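Each value in this text was obtained by applying a stated rule to the coordinates, not by laboratory testing. It should be emphasised that the depicted structure is a prediction, and the values quoted were computed from it without experimental measurement. Cβ atoms come from the backbone with ideal geometry, glycine included; neighbour counts cover every protein chain shown.
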């Protein structure tokens with residue numbers, strides 16, 4: 001099995017900030033809007049370099065979405081920035097009516113997603129956002145796994161015509177994806193090949209799944225790990241090709257088990273190749289205040305949880 005290592009840990013929100021900085025230099029139509037969280041979203045460099053293309057709207061997220069939708073009419077490519085909770089739940093009506101229904105070319109960039117926002121607690125964490133956004137017609141939903149992939153995705157979505165939800169996080173996590181790997185919307189990345197079980201993971205759970213695969217290999221279990229960075233459109237071809245070999249699957253995500261990646265995969269399997277599946281996800285509950293690692297352990301969304309799910313699904317083959 002291919003082994004993945006890392007030499008540094010960086011937060012994925014910095015990947016977004018650095019990607020936006022690069023876009024500022026190369027694409028004059030890119031504009032940025034922020035709801036009073038410029039530092040948290042790592043948008044400082046863009047603001048400094050292009051003050052005429054940066055709009056600080058204050059704590060007025062709904063207004064930010066409306067402004068962003070309007071800017072597209074003049075040919076601009078707006079990137080909005082705030083926490084995932086405020087990027088979706090607080091402004092769902094504006095996104096639905098002004099962006100999705102109107103098919104506006106807005107890039108909704110959401111940091112501090114999932115439980116790993118950590119100590120800020122349940123009111124700032126969100127575990128429903130993927131479900132909210134993937135149900136909007138025409139909305140592309142992306143959830144990246146590390147700094148390099150987040151930077152590449154930020155750059156790539158500027159060239160994509162249509163609304164995009166880009167989800168990333170706060171904590172520093174291993175950087176393990178290649179710096180030069182092109183980001184293809186809707187195209188999964190197979191990280192390890194295996195014959196006993198398929199693990200499809202998204203976001204922070206990709207690294208956890210790679211660690212789980214190493215633990216499983218030590219026990220003689222061969223796991224195929226697939227990085228699903230795009231949840232909509234889903235790379236059904238890659239999933240179906242993998243389960244045709246392995247005969248069972250585990251989905252892993254930092255999201256509620258309802259409405260996330262796992263349910264999208266279930267639909268794909270039900271329609272094409274019914275396959276035993278286990279879910280690694282938060283079990284229909286809100287979070288709480290603690291460190292990211294403590295929360296991932298308590299809510300069973302770490303490498304040990306993936307190992308447990310694999311052993312459970314293998315018994316169902």
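Some observations on this one:
- Packing-based exposure ordering (other Cβ within 10 Å, fewest first) of 147, 299: 299, 147
- Beta bridges from DSSP with both residues in the chain: antiparallel share about 20 percent, rounded to the nearest 5.
- Centroid-to-centroid separation of the range 279-316 and the range 1-44 [C-alpha atoms, Å]: 27
- Cβ-Cβ FRET estimate between residue 135 and residue 272, R0 fixed at 22 Å, reported to 0.05: 0.60
- Shown for 13, 170: other C-beta atoms within 10 Å of each C-beta, ranked fewest to most, produce the order 170, 13.
- Label-to-label distance for residue 245 and residue 193 is 0.6 nm, based on points extended 7 Å past Cα in the beta-carbon direction.
- Cα gyration tensor shape of the range 2-136, rounded if a/c is under 1.5, else prolate or oblate by comparing a/b with b/c: oblate
- Neighbour-count ranking [beta-carbon atoms within 10 angstrom, fewest first] of 264, 87, 242: 242, 264, 87
- Taking every Cα-Cα distance in the range 68-210 and sorting them into 10 Å bins from zero, the calculated P(r) comes out as 11, 40, 34, 13, 2, 0 percent.
- Using just its DSSP H runs of length 4 or more, each adding -39500 (n - 2.57), the chain gives a mean residue ellipticity at 222 nm of -10500 deg cm²/dmol after division by all residues.
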